[in-house]
Amino acid sequence: MADIATIAFTGLGLCFFIAGTIGLLRFPDVFTRLHALTKADNLGLGFITLGMLFQVEGWREMALLVLIWALTLLAAGTVSQLIARAALKDRSG
Amino acid sequence: MTWAFDAALCALILGVAFATVLGRGVFRSIVFFIVYGLLMAVAWVRLDAVDVALAEAAIGAGLTGVLFLTAFGRLARNVSDDAAPGRFHLPAALACGGLTGALAWAWFAMPAPVRREWELPPAGVENPVTAVLLNFRAWDTLLESIVLLAALIGLWMMARDGDWGNRLGLPQHVRPGGVMAGFGRLLPPVGFLVGVYLVYVGADQPGGAFQGGTVLAAVGLVAAMAGLVRPPRIAAHRWRVALVAGPSVFLVAGLAGAVLGAGFLTLPEPVAGTAIFVIEVGLAISIAVTLVFLVLGPPEGERRE
Amino acid sequence: MSALTLYALTGSAAIGIGFYGLIAARHLLRRIVAFNLIGSGLFLFFGATGARGGAADPVPQALIITGIVVALSASALAVGLLVAHARVAGRVVLPEEEDGG
């Protein structure tokens, strides 16, 4: 039962990652690519983390997995903002 | 089933390695190198070496990637042109192919391994890698901490005489209320906790002074890059004490072992656990400070133009 | 072909690729990156030999951790030399390599 849930959520997360990667490869410029990448990849990672939660026992391990996802979210959000601002400055400067 | 995972991982690693070497542009090469480091970390977990995976992810991919990216930014200041991509070098490719073939032949020609039945003698800590690093092969680790210091001194020698009094690295220009400043406030507390935990737990589970020290160094670098902490000057004495704290503690512990009659760098069994912990704390502090200074670089002034 | 052989062969290939990058690249920073590639591949090969005995052997792992740290310090020193060279010479390629040498 737990394995089925893991496979389902991880598969969903993989779909999001594939969508984000297609956006990365096909979109024309930096901003659209950043948009696709951030939204899809963070959600994809969230689903994969959700799938992993069914495989671990104990609240401590679950909390650690969620912490990993939160930290990745923080880093990805910051980095995409910085890249977007740099690209904006490049374009106008 | 797991063989397929290993095969896919190795194919990815090789593909990214090719992209690193053959890709157009230096920036692309650096980014692919970081990805390569992270894939290597996964490979280390598959090889049942979690401590090495932590070290590769933190140092090999993380800090080395930051080092290269800041170097790239620094070079873009000085050099106005980007070197044209080199043409394909057939003799070198053939020679490197031959090298790979020789190594592959060496792998298959090695004598069959002896299945080990013995276990490590009691070392005061449960994690075998920490036991080897800080107890049985402590000499290597002591010299390694001194090598780190020597590399830093070599790096500081690159500074110009006029810049010697400045703060380390390039001055950062960060918007006071911006995203980077916010990140620099959010991440360091969590990162500090993770780093200290890695050092503390390295005695019994995967972790240790190097991995924890690197996380602490990353925290310091984020704080410096966010403009919240200004890098120190070279002449600051407190930081020099922090730099040599690790090797000094290690040396003192080794000499204490000699004085107590057990031999240089031999930890007597009853105090081995405590001694290893004390050495790890000192090493972690030194490693963190040394790595921050290594990545920040020698002091440089403002742009001359 | 066991999984360990796969990793050893990947390590060997990474060493070969890294050496090619070291020889063929013109930009000096790419050479430093290739040097790190060689180091990582070497560690993987070494780690694969260490994992052959059934249980994980801690001595190669400890040596590899030492190697990773030393490789970083060597890279930092190399990058410092490169930045100083670029500051003085204004170019990021060695003099004998410029202009299609």
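The values are calculated or read from the model by the stated rules, or taken from the named source; none is laboratory data. Because the structure is a prediction, the values reported are computed rather than measured. Counting neighbours? That spans all protein chains shown, and the Cβs are built from the backbone with ideal geometry, glycine included.
General observations
- The residue list B:VAL289, B:VAL249, B:VAL215, B:VAL201 contains one member that is surrounded by fewer than 20 Cβ atoms within 10 Å (Cβ to Cβ) and either not assigned by TED's automatic domain parsing to the domain that holds B:VAL132 or not small (Gly, Ala, Ser) (or both), which is B:VAL201.
- Selection of the stretch B:38-52 for residues being in a helix (DSSP H, G or I), crowded, with 24+ Cβ neighbours inside 10 Å and either of a type in the set (D, E, K, R) or over 12 Å from the mean Cα position of the chain (by Cα) (or both) yields B:MET40, B:ALA43, B:TRP44, B:ASP51.
- Residue identified as at the interface with another protein chain (Cβ under 7 Å from one of its Cβ atoms) and of a type in the set (Val, Ile, Thr) among C:VAL92, C:VAL88: C:VAL92
- Restricting attention to the stretch C:18-38, the residues that are at the interface with chain B (Cβ under 7 Å from one of its Cβ atoms), farther than 19 Å from B:GLU56 by Cα and crowded, with 19+ Cβ neighbours inside 10 Å total 8.
- Scan of the stretch B:132-179 for residues that are among the charged types (D, E, K, R), part of a helix (DSSP H, G or I) and without any contact (Cβ under 8 Å) to a residue 12 or more places away in the chain, ordered by number: B:ASP140, B:GLU144, B:ASP161
- Residue check for C:PHE19: of a type outside the set (S, T, N, Q) and in contact with a Gly (Cβ under 6 Å, 6 or more places away or on another chain): no
- Subset of the stretch A:1-44 [polar (S, T, N, Q) and closer than 25 Å to A:ALA86 by Cβ]: A:THR21, A:THR32, A:THR38, A:ASN42
Matching residues to (1) touching a Ser or Thr at 6+ places or on another chain (Cβ under 6 Å); (2) under 30 Å from A:LEU74 (Cβ atoms); (3) among the basic types (Lys, Arg); (4) touching a residue at least 12 places away in the same chain (Cβ under 8 Å):
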residue: B:VAL222; (1), (2), (3), (4): no, yes, no, yes
residue: B:LEU228; (1), (2), (3), (4): no, yes, no, yes
residue: B:ALA235; (1), (2), (3), (4): no, no, no, yes
residue: B:PRO270; (1), (2), (3), (4): no, no, no, no
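- Count of the stretch B:155-198 residues, restricted to those that are exposed (fewer than 14 other Cβ atoms within 10 Å of the Cβ), at pLDDT 80 or above and farther than 22 Å from B:ARG74 by Cα, is 4.
- Of the criteria (1) within 13 Å of chain C (Cβ to nearest Cβ); (2) assigned to a loop (DSSP other than H, G, I, E, B); (3) of a type in the set (Ser, Thr, Tyr), which one B:THR266 fails: (1)
- Yes/no for C:GLY41 being buried (at least 24 other Cβ atoms within 10 Å of the Cβ) and under 17 Å from B:ALA109 (Cα atoms): no
- Residues satisfying the stated conditions in the stretch A:24-52, i.e. over 10 Å from the mean Cα position of the chain (by Cα), surrounded by fewer than 18 Cβ atoms within 10 Å (Cβ to Cβ), assigned to a helix (DSSP H, G or I) and away from chain B (no Cβ under 14 Å): A:LEU25, A:ARG26, A:PHE31, A:THR32, A:HIS35
- Any hit, the stretch C:47-55, residues being more than 7 Å from chain B (Cβ to nearest Cβ), over 22 Å from B:ALA151 (Cα atoms) and not in a helix (DSSP H, G or I): no
- Any hit, the stretch B:198-207, residues being assigned to a helix (DSSP H, G or I) and out of contact with any Asp or Glu (no Cβ under 9 Å at 6 or more places or on another chain): yes
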